[in-house]
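A short write-up of the structure that comes next.
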Amino acid sequence: MTLLLVAGGVGAWFGVVEQEPATPAAAQPSSADAVTGKDLGEEPAPSPVSTPPQPALTEAEALAELEALSAESLAALDLDGRWVAQVASKDVGIVDPLQTTASGNHQFFAVDILAESRAALALAPASQVHVLSSLDFGQRSHAPDGDPYWTTFVDGGFADVEAVRAWCTGAFPELTGEALANACVARRLDPPHD
């Protein structure tokens, strides 16, 4: 599995491509050879080559990727007040008792926040998924340490807040009440203000 990050476009920021190595037809044994065990003096078919797993990102690499995604999203979006579905908002080091990281913790670091942003691609096309700093849109907000929240949202062409709520309910059918509100909430994509 090869991970491709295309800096030139939000539409392809988390593309994943799987490739199976091709085995030449001439090198594959025939069914007759397999039955008789006959050696035709040919080289055996090469073993499939597996791609080694990609090394885990460091905190610095994940933070740099979040910054790059935010810059791409900010350049591509019009902050015109339309409704969006916020599906993640975390500061590095934040503890969320209602959500867990892939490792089962409640404390989120940059690698966890990036993974959460990537997970949003299962909810909507890549062209609709954006990451912004909480200082770059809407009412500016930051964590007690002064760092911004990394906010992931889906810009699905929602007509109003009710359309976002309906989308959230469909996107997270296993959640209700406080858990749903913690995972998906309607926001306005306004210019930044205090």
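Is one or more of the residues making up region 132-148 within 15 Å of the chain's Cα centre (by Cα) and without any contact (Cβ under 8 Å) to a residue 60 or more places away in the chain? Lay out the reasoning, then the answer.
Pass one, region 132-148, residues within 15 Å of the chain's Cα centre (by Cα): 132.
From what is left, the residues that are without any contact (Cβ under 8 Å) to a residue 60 or more places away in the chain are none.
The answer is no; no qualifying residue exists.
Any idea which of G41, G81 is over 28 Å from D145 (Cβ atoms), open to solvent by less than 80 Å² (accessible area, probe 1.4 Å) and at pLDDT below 95? Step by step, each of G41, G81 is checked, and only G41 is over 28 Å from D145 (Cβ atoms), open to solvent by less than 80 Å² (accessible area, probe 1.4 Å) and at pLDDT below 95. Of all residue pairs spaced 6 or more apart or on separate chains, those with beta-carbon atoms under 9 Å, a first member in region 88-104 that is within 20 Å of A56 (Cβ to Cβ) and a second member that is assigned to a loop (DSSP other than H, G, I, E, B) and open to solvent by 90 Å² or more (accessible area, probe 1.4 Å) are V92/D145; G93/D145. Residues that are within 24 Å of V92 (Cα to Cα) and at pLDDT below 95 do occur in region 148-157.
The values are calculated or read from the model by the stated rules, or taken from the named source; none is laboratory data. Model, not experiment: these values are computed from the prediction. Note that we place each Cβ from the backbone using ideal geometry, even for glycine, and neighbour counts take in every protein chain shown. We work out accessible area using only protein heavy atoms, side chains counted, and drop any ligands, DNA or RNA first. Shrake-Rupley method; radii C 1.70, N 1.55, O 1.52, S 1.80 Å.
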